[in-house]
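Single-structure report; data block below.
The values are calculated or read from the model by the stated rules, or taken from the named source; none is laboratory data. From a predicted model like this one, the values you see are computed outputs, not experimental measurements. All Cβ positions, even for glycine, are placed from backbone atoms using ideal geometry, and neighbour counts span all protein chains on display. Side chains included, ligands, DNA and RNA excluded: accessible areas come from the protein's heavy atoms. Shrake-Rupley method; radii C 1.70, N 1.55, O 1.52, S 1.80 Å.
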Amino acid sequence: MQILSLVRAVVLVSMVAGLFISQAALAQRFAAIGDYGHASSSEQLVAELVKGWKPDFVITLGDNNYEQGAASTIDVNIGQYYHEFIGAYRGRYGSGAATNRFFPSLGNHDTYSHHGQPYLDYFSLPGNERYYDYVRGDVHFFVLNSDPSERDGTSSTSRQAQWLKAQMAASQSRWKIVYFHHPPYSSGSHGSSLGMRWPFREWGASLVLAGHDHHYERLVVDGLPYFVNGLGGRSIYGTTTLVPGSLVRYNADYGAQLLEASADSLRLRFITHTGKLIDSFTLHHGLSAEPQLLAVLPTPFRETAQLEFSLPTNEDATIRLLNAAGREVAVLHKGPLRAGRHQLQWSRGGLAPGAYFVQLLSGHYKPVMRTVVL
């Protein structure tokens, strides 16, 4: 009996170890840089930061080759700092990667010379190379060309957009990241690129990354996280009128994003070249990017009800009850909660019959749900 128990224990440990190994194999660690391609000390500082992370690969959010996207400047602007990530590298700064670990997107500065031909000649990328997709671990990446010169269009009904919609529908990956240059939402000096407000969430995107404005910003719009990341080394812009949904903004120094994906979470951090953490955000599989009130059951109710809600991150939350006039009549919870779905049981106590509103306060969010006491 003891031997059998020991065997079962060994088998169980082996199964658990195998699970950890398989999850680790799916985990990905990668860097995102934007508006970086201008040979300078600031680009070098960001490149050293990125290399210090030892990422599996690097993605870019456009403007890889200032000022005109010329063949004469592309190697000094890109290869000088990132050649060890570039597959089939033929530049003069050293050896490249055995398999490509550098996945750029086109920016407007990249297209000024021959509609981006030097960029297309320099890199070896999937698909038509202007827009393409690839899978790494649990993440499916979709790279778009948001420049108006794109021959397949940049509207939400264009040939490029229909390609994206079809590819995302066919994807079986846990996370779907879309990235390109011109931000759909931005509080920066360039502002929002309205033509890139495609129905990304409806098509299945987990988040959207962009550059173009030279600052860092995190937004959540209609439940989908958007990021502006343009502090890769060229210059720094200020911010102007805040866009609805903007949660975090930064423009004091250069930096990059470090992203870590696993089967159940996707973590994003923006870090300056000095190592200062500016923003950290984690998506959990199956959870909205925004705090949500999911249900008050039953509604209406007589004696007790159950409140269901979810939080995307570990955070402080307050749940309060308001009467029909908007005045607080009770606090159902106040304090820290872990990310995930939660259930809260509560009784009517001395509440008079009538309509009430449950409000969840978490960070900038204040969702409300109506209920009725009989």
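Structure above, values below:
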item: Odd one out for Glu260 among (1) within 23 Å of Pro184 (Cβ to Cβ); (2) at pLDDT 95 or above; (3) assigned to a strand (DSSP E or B); result: (1)
item: Any hit, the stretch 161-172, residues being open to solvent by less than 10 Å² (accessible area, probe 1.4 Å), in a loop (DSSP other than H, G, I, E, B) and more than 24 Å from Gly286 (Cβ to Cβ); result: no
item: Any chance Ala263 is hydrophobic (A, V, I, L, M, F, W, C) and crowded, with 17+ Cβ neighbours inside 10 Å; result: no
item: Positions within the stretch 345-374 being open to solvent by less than 30 Å² (accessible area, probe 1.4 Å), under 30 Å from Ser265 (Cα atoms) and of a type in the set (Gly, Ala, Ser), in sequence order; result: Ser362
item: Residues within the stretch 194-239 that are closer than 29 Å to Ala39 by Cβ, in a loop (DSSP other than H, G, I, E, B), open to solvent by 10 Å² or more (accessible area, probe 1.4 Å) and touching a Ser or Thr at 6+ places or on another chain (Cβ under 7 Å), tallied; result: 2
item: Scope the stretch 110-124; condition assigned to a loop (DSSP other than H, G, I, E, B) and either under 18 Å from Gly34 (Cα atoms) or at pLDDT below 95 (or both); matching residues; result: Tyr112, Phe123
item: Odd one out for Gly153 among (1) more than 13 Å from the chain's Cα centre (by Cα); (2) without any contact (Cβ under 8 Å) to a residue 60 or more places away in the chain; (3) open to solvent by 40 Å² or more (accessible area, probe 1.4 Å); result: (3)
item: Given (1) touching a Ser or Thr at 6+ places or on another chain (Cβ under 7 Å); (2) assigned to a loop (DSSP other than H, G, I, E, B); (3) open to solvent by 20 Å² or more (accessible area, probe 1.4 Å), index of the condition His181 fails; result: (3)
item: Selection within the stretch 298-344 - loosely packed, with under 13 Cβ neighbours inside 10 Å and part of a strand (DSSP E or B); result: Thr304, Asp316, Glu328, Val331, Lys334, Gly335, Pro336, Gln343
item: Any hit, the stretch 131-143, residues being open to solvent by 40 Å² or more (accessible area, probe 1.4 Å), more than 18 Å from Gly195 (Cα to Cα), assigned to a helix (DSSP H, G or I) and of a type outside the set (Ser, Thr, Tyr); result: no
